[in-house]
Amino acid sequence: MTEIITIALNKLDADPKNVRKTYSAEGVEALAANIREDGYRLLQNLVVRKATRRAAIS
């Protein structure tokens, strides 16, 4: 069964297994602007999993 829950963005951490290792502030801002311009419609849902207890990734 699929469950939809709301999670505050400041509660999310980067996944250390993600193939993308670097993010530029400009790239993130450009993506956010694009999402806003398109009426906040996304083509794919954000999938998250509960983290193991460890230090947050910066």
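Rule-based calculations on the coordinates, nothing more; no lab input. Remember, it's a predicted structure, so these values are computed and weren't measured experimentally. Every residue, glycine as well, gets a Cβ built from its backbone with ideal geometry; the counts of neighbours run over all protein chains shown.
In the chain, a dipole from Cβ-located charges (positive for Lys and Arg, negative for Asp and Glu) runs towards its positive end, and of A51, Y23, N10 it is A51 whose Cα lies farthest in that direction. Potential lengthening of the chain between V48 and D15 amounts to 11.0 nm, from the contour at 0.36 nm per residue minus the alpha-carbon distance.
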